[in-house]
């Protein structure tokens with residue numbers, strides 16, 4: 001099982017909790033950690049389940065709810081805001097036919113806000129599946145989203 | 001563009017060498033400083049860095065040499081070295097530039113510092129959002145180990161050091177040094193009480209040298225060229241160069257390396273080309289979300305630790321965010337405080353509750369239902385947060401509000417209608 005392999009690789013000590021959770025979540029198409037997985041990690045690392053859960057809920061890249069294969073994050077901080085990030089959210093909501101925070105019914109995309117992703121000199125910026133895209137506008141967004149759809 | 005404003009010390013290799021090639025870095029003079037340092041004594045290295053007047057570039061501006069001396073003098077082992085690459089302050093992207101373009105310069109700086117303090121184990125904590133930086137640094141570590149600059153018997157000496165990349169997982173608070181340390185230890189990133197400082201009781205409760213990416217990147221130059229060459233750049237109180245991150249409503253945003261002493265106006269107008277379509281500047285935020293907001297009349301202020309401190313301001317980690325006249329001040333403040341509400345770790349009440357209460361008052365100000373009493377309450381909240389928050393996050397969160405209360409006070413009173421004006 002993938003999760004056990006990752007635990008084995010990092011070692012069964014509490015300080016490896018975060019690398020284990022991050023690496024395992026990254027290899028799941030659903031981008032989240034389930035209750036069973038939390039229980040297993042707690043057992044293997046010999047720590048309480050609530051410690052695993054609180055770590056997941058503390059870090060915004062980790063999730064306890066199923067998400068899409070590709071997570072589309074829109075930066076909402078001031079440098080992007082003053083360069084129209086609000087419109088980028090509207091465009092994405094129309095293109096993906098979901099609201100901010102939701103996942104498309106085919107499980108491909110989740111739309112999220114993110115804190116600053118360090119692309120302020122090419123704002124408004126977004127991050128999809130870990131990749132950064134800057135100077136966004138409606139046309140560029142349409143092309144990028146289409147590329148990810150075609151990957152399916 | 002005015003080229004006399006630019007001074008390339010840290011960014012000299014950026015865009016010129018392949019960051020994935022250690023040979024490129026060596027051919028550009030890389031790892032010479034390390035070879036020189038290995039022949040120096042620990043005290044000589046620390047004294048050179050002290051004499052350079054290098055101050056921490058992560059925002060606090062604490063003298064790097066003094067921090068190193070503290071770790072050197074402590075009689076406790078093992079000691080750790082940590083590079084803080086958890087750049088998450090909105091408006092900052094200068095560490096990303098160094099991480100992605102010159103990873104070996106960061107490593108060389110870390111190895112020099114670790115050698116001086118006889119440290120055998122180090123971590124580079126990179127925020128999870130910077131996947132490319134994580135890959136680049138992992139490649140650089142592998143290459144440096146193969147060449148004998150890391151691992152056992154560095155440069156043929158008896159000294160050994162291992163450095164590991166640790167990925168964050170999306171938490172701004174982990175840029176705070178103790179929260180970062182807790183995160184490496186496998187916990188939620190929440191700050192610890194200070195003192196003791198990390199130099200005494202840091203990672204795994206052992207003495208720890210923790211510095212920002214840009215700070216470590218300065219060390220190869222200081223060792224190669226000497227402290228005097230470093231203090232020759234900049235001003236009397238602020239030696240060397242600073243990477244500034246220009247963003248917002250400006251034509252040419254980006255990272256610029258400037259000597260200290262350059263004014264904010266020069267950076268915005270001469271390097272950044274000013275505001276698009278000749279719109280007027282409404283305000284400028286310095287340092288990032290936790291930094292002060294100043295009006296256009298103050299743009300001649302110089303990048304200089306003491307000049308800024310005299311005015312009660314700070315440059316933080318170097319962000320300059322330009323906001324033009326189209327924007328309402330309260331929209332911007334709302335975005336800033338929302339950020340802190342989201343990123344507050346929840347450990348202490350002033351920060352957890354304070355940001356939420358400030359947001360409520362800000363929305364009243366936005367929709368015109370605020371009274372003068374609300375403004376008084378906002379001032380009180382700011383003071384409570386600054387004086388009683390557990391860590392720098394809560395202490396700095398109200399900076400934008402406090403500075404706008406000072407420099408844009410009429411906007412606050414204007415928003416209280418005459419009917420609401422009674423206290």
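Read-outs: derived from the displayed coordinates by stated rules, not from any lab. Bear in mind the structure is a predicted one, so any value in this text is a computation, not a measurement. No Cβ is skipped: glycine too gets one built from the backbone with ideal geometry, and neighbour counts run over all protein chains shown.
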**Asked** Say we join alpha carbon atoms closer than 10 Å with springs in a Gaussian network model of chain B; which of B:177, B:108, B:225 then has the biggest fluctuation?
**Response** B:225
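Considering every residue in A:71-79, what mean count of other chain Cβ atoms within 10 Å of its Cβ is obtained? Working shown, then result.
On the way: counts 0, 0, 2, 0, 2, 5, 12, 18, 18.
So the per-residue partner count for this stretch is 6.
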**Asked** Between residue B:73 and residue A:49, what is the FRET efficiency for a Förster distance of 51 Å, r being their Cβ-Cβ separation, to the nearest 0.05?
**Response** 0.75
**Prompt:** If you take the square roots of the eigenvalues of the alpha-carbon gyration tensor of the range B:298-417 and sort them as a ≥ b ≥ c, do you get rounded (a/c under 1.5), prolate (a/b over b/c) or oblate?
**Reply:** oblate
**Message:** Can you give me the angle between helix B:103-116 and the longest principal axis of chain B, using Cα atoms only, in degrees from 0 to 90, rounded to the nearest 10?
**Reply:** 70
**Item:** Cα centroid of the range B:227-260 to Cα centroid of the range B:311-329, whole Å
**Value:** 16
**Prompt:** Considering only DSSP beta bridges whose two residues both sit in the range A:15-152, what percent are antiparallel, to the nearest 5?
**Reply:** 55
**Message:** Rg and Dmax in Å for the range B:349-423, alpha carbons only: what are they?
**Reply:** 12.3, 39
**Fill in**
Note on the range B:282-321: the mean projected area of its alpha-carbon convex hull, in nm², is 2.5
**q = 0.12, 0.17 Å⁻¹, the range B:189-343: log10 I(q)/I(0) [Debye, one scatterer per Cα]** = -0.65, -1.09
**Request:** Can you tell me the alpha carbon radius of gyration of the protein assembly as shown divided by the globular rule-of-thumb value 2.2 N^0.38 Å?
**Result:** 0.96
**Prompt:** Which of B:128, B:368, B:261 moves most in a GNM of chain B, Cα contacts under 10 Å?
**Reply:** B:368
**Shielding by partners, peptide B:170-176 (average Cβ within 10 angstrom, other chains)** = 3
**Message:** If R₀ is 22 angstrom, what is the calculated FRET efficiency for the pair residue B:376 and residue B:411, using the beta carbon separation as r and rounding to 0.05?
**Reply:** 0.85
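In peptide A:12-24, what is the residue-averaged number of other protein chain Cβ atoms found within 10 Å of each Cβ?
Per-residue shielding by partner chains comes out at 3.
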**Request:** Express the C-alpha Rg of the range B:137-280 as a ratio against the empirical globular expectation 2.2 N^0.38 Å, rounded to two decimals.
**Result:** 1.37
**Request:** For chain B, find the longest principal axis of its Cα atoms and tell me its angle to the long axis of helix B:64-73, 0 to 90°, nearest 10.
**Result:** 50
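First check a/c for the range A:1-94, with a ≥ b ≥ c the square roots of the eigenvalues of its C-alpha gyration tensor; if it is under 1.5, answer rounded, and if not, answer prolate when a/b is larger than b/c or oblate otherwise.
On the way: a/c = 2.92, a/b = 2.37, b/c = 1.23.
Prolate.
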**Message:** On C-alpha positions alone, give me the angle between the axis of helix B:213-225 and the longest principal axis of chain B, in degrees, nearest 10.
**Reply:** 50
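Which whole-number percentage describes the relative contact order of the range B:123-201, with Cα contacts under 8 Å and a sequence gap of 6 or more?
Relative contact order comes out at 27 percent.
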**Prompt:** Top mean-square fluctuation among B:180, B:97, B:107, Gaussian network model of chain B, C-alpha springs under 10 Å?
**Reply:** B:97
**Fill in**
Given all pairs of distinct Cα atoms, chain B yields a Kirkwood Rh in Å of 22.3
